[in-house]
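Heads up: the structure comes next, in structure tokens.
Each value in this text was obtained by applying a stated rule to the coordinates, not by laboratory testing. All values reported here derive from a predicted model rather than from experimental measurement. Here the Cβ positions follow ideal geometry from the backbone for every residue, glycine too, while neighbour counts run over all protein chains shown.
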Amino acid sequence: MAVKGTDLVKLMPKKTGCKECGFPTCFAFAMKLATGGAEVSACPHLSDEVREQVEELLAPPIRPVTIGTGAKALLIGDEEVMYRHEKTFFHQPGIGVLVADTDDAKEIERKIKAVEEMQFLWIGRTLQADLAVLQCASGDTGKFAALVKRAVEINDALPLVLMADSIDILLAGLEACGKDKKPLLYAVTEKNIDEAISKLGGVEVPVAVKAESLEKLSALTEKLKEAGIQDLVIDSGSRKVWDAVQDQILIRRAALKQGFKPLGYPTITFPCQMADDPRKELAAASALLTRYAGIICLSDLSEDVLFPLVVLRMNIYTDPRVPMAVEAKIYELNQPTDNSPVLLTTNFALTYFSVANEIEATKVPAYLAIQDTEGLSVLTSWSAGKFNGETAGEFIKKSGIEDKTKNRKIVIPGLLARIRGELEDELPGWEIVIGPREAAGISSFLPELAGKA
Ligand code: SF4
């Protein structure tokens, strides 16, 4: 629930003619504050108490929490909408793998390495998991600390979740990796909250909170907040898929629609504890991913499970307001020469990668001319007037392709055979060839065209 400027105005000092904040009136300053265009510190006349009140009102409804540091750090939370089409989802959930200190050394190494090494190149992006969840399953402090040290040795940039029942064991794990790694400590519960407050205050790493109900969870987060421990990640405790999904929805709704601060935190979920079969675990993880999970902990990383999950995540967490587009330019594929043909299409990312992959697979040297259609696909851009004989002709003339190849064949998408006449008028001297309707047809079409060239 976004704060209204009028709510902030009531808290302003209302000094006439002051302007020290850089705005002509307190009213103007309050309005700017509400839209994020000013900092509360710009007004020197607010008491500490009022400043805190204003900061509380301006705080995002779901607190952003960062796990780890550096380029691989995982930022979760800070979401603004229930549904992606309302705006966009901002911070994709982290996908982690559970590694227990009772696993054998080879298994530990395999799982931790897989977080970084199991990668999928998909529509120009590298998709992979994000973090390791290190679990003290042995109850042995030394064993757990050794696991944490080993994880850091294998990959010291990897964001970590340290998971133990005892606060002392968590602190031993924290010492093993160093506070500066900013791992997430899992978990504070009803049983250990007093000990957690006395021992974790001032530690300055994020902390996970687990309870058996949302009411109890709210009470715990409030108590931690009062104690100054604010970077929280919450676990509703449900380990049945439907219950867990419902909790995620209730938490998101409470934070965004009711402005209920005690549940205004990102969540951690455990599909690894909801199923004993990889397919069921994938189904649980997918359901939680689509419904707001902040962290998704898997029992293992296999290509069969991770690939569909990271593709689903990419699809949900791309901004629907921004089409997926690649740079409009001439791409040189398979080392084209000054007699290679030109294939023309749009800069919709999926179109580009489908066509480029097919051309590369044929091994036929070619130029791929990618026209700026604002990320729209072939037929959509044609119906929007962005991809026709006139725009394509203009693009080809300005692209510099005439200096790269003496071959005067341009292949246009088969779906747009209708623009051939217009394009011939725009590009005298070029032969306009109608290509396949689908990218898959390039595998037979292009070698045949090259044979004729
Ligand atoms: Fe009002 Fe503070 Fe700005 Fe002065 S500095 S005009 S008191 S908001």
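Total lysine pairs in region 353-444 at Cα distances under 22 Å, for residues eight or more apart or on different chains: 10. Within straight-line reach of Lys113, meaning a Cα separation under 27 Å, sit the following lysines at least 8 residues removed in sequence or on another chain: Lys72, Lys143, Lys149, Lys179, Lys181, Lys182, Lys280.
In square nanometres, what is the average projected area of the Cα convex hull of region 5-58?
Values: hull surface 12.2 nm².
Reported value for the Cα convex hull: 3.0 nm².
Magnitude of the charge dipole for region 234-373, about its Cα centre and with charges confined to Cβ atoms of Lys, Arg (+1) and Asp, Glu (-1), is about 840 debye. Between the listed residues Leu298, Gln273, Leu423, the Cα displaced farthest toward the positive end of the dipole of the chain, a dipole computed from Cβ unit charges relative to the Cα centre, is found at Leu423.
Ratio of alpha-carbon Rg to the 2.2 N^0.38 Å globular estimate for region 121-245, to two decimals, please. Don't skip to the answer; put the middle values down first.
Working: Rg = 15.6 Å, N = 125, 2.2 N^0.38 = 13.8 Å.
Rounded to two decimals, the normalised Rg is 1.13.
Legend: ranking of residues Leu344, Leu379, Leu449 from fewest to most surrounding C-beta atoms inside 10 Å; resulting order Leu379, Leu449, Leu344. 3J(HN,Hα) along region 380-387, derived from phi through the Karplus expression 6.51 cos²θ - 1.76 cosθ + 1.60 where θ = phi - 60°, amounts to 5, 5, 5, 5, 8, x, 9, 9 Hz, with x in place of Gly and Pro. Taking a Cβ cut-off of under 14 Å around Val326, the surrounding Lys, Arg, Asp and Glu residues balance to a net charge of -1, with basic ones at +1 and acidic ones at -1.
Legend: P(r) of region 330-452 from all alpha carbon pair distances, 5 Å bins from 0, whole percents, reading 2, 12, 25, 27, 22, 11, 2, 0.
Each residue of region 146-162 was assigned a 3J(HN,Hα) from its phi angle through the Karplus curve 6.51 cos²θ - 1.76 cosθ + 1.60 (θ = phi - 60°); the sequence is 5, 4, 5, 4, 4, 4, 5, 4, 5, 8, 7, 9, 6, x, 10, 10, 9 Hz, with glycine and proline shown as x. Our summary of shape: the Cα atoms of the chain have principal axis extents of 81, 71, 37 Å, ordered from largest down, in whole angstrom.
The HN-Hα couplings worked out from phi for region 60-75 by the Karplus form 6.51 cos²θ - 1.76 cosθ + 1.60 (θ = phi - 60°) are x, x, 10, 4, x, 10, 10, 10, x, 9, x, 5, 8, 4, 10, 9 Hz, whole numbers, x standing for Gly and Pro. Counting only Cβ charges, +1 for Lys and Arg and -1 for Asp and Glu, the dipole size of region 5-58 around its Cα centre is about 360 debye.
With +1 on the Cβ of every Lys and Arg and -1 on the Cβ of every Asp and Glu, and nothing else charged, how large is the dipole of the chain about its Cα centre, in debye rounded to the nearest 20? Rounded to the nearest 20 debye, it is 900 debye.
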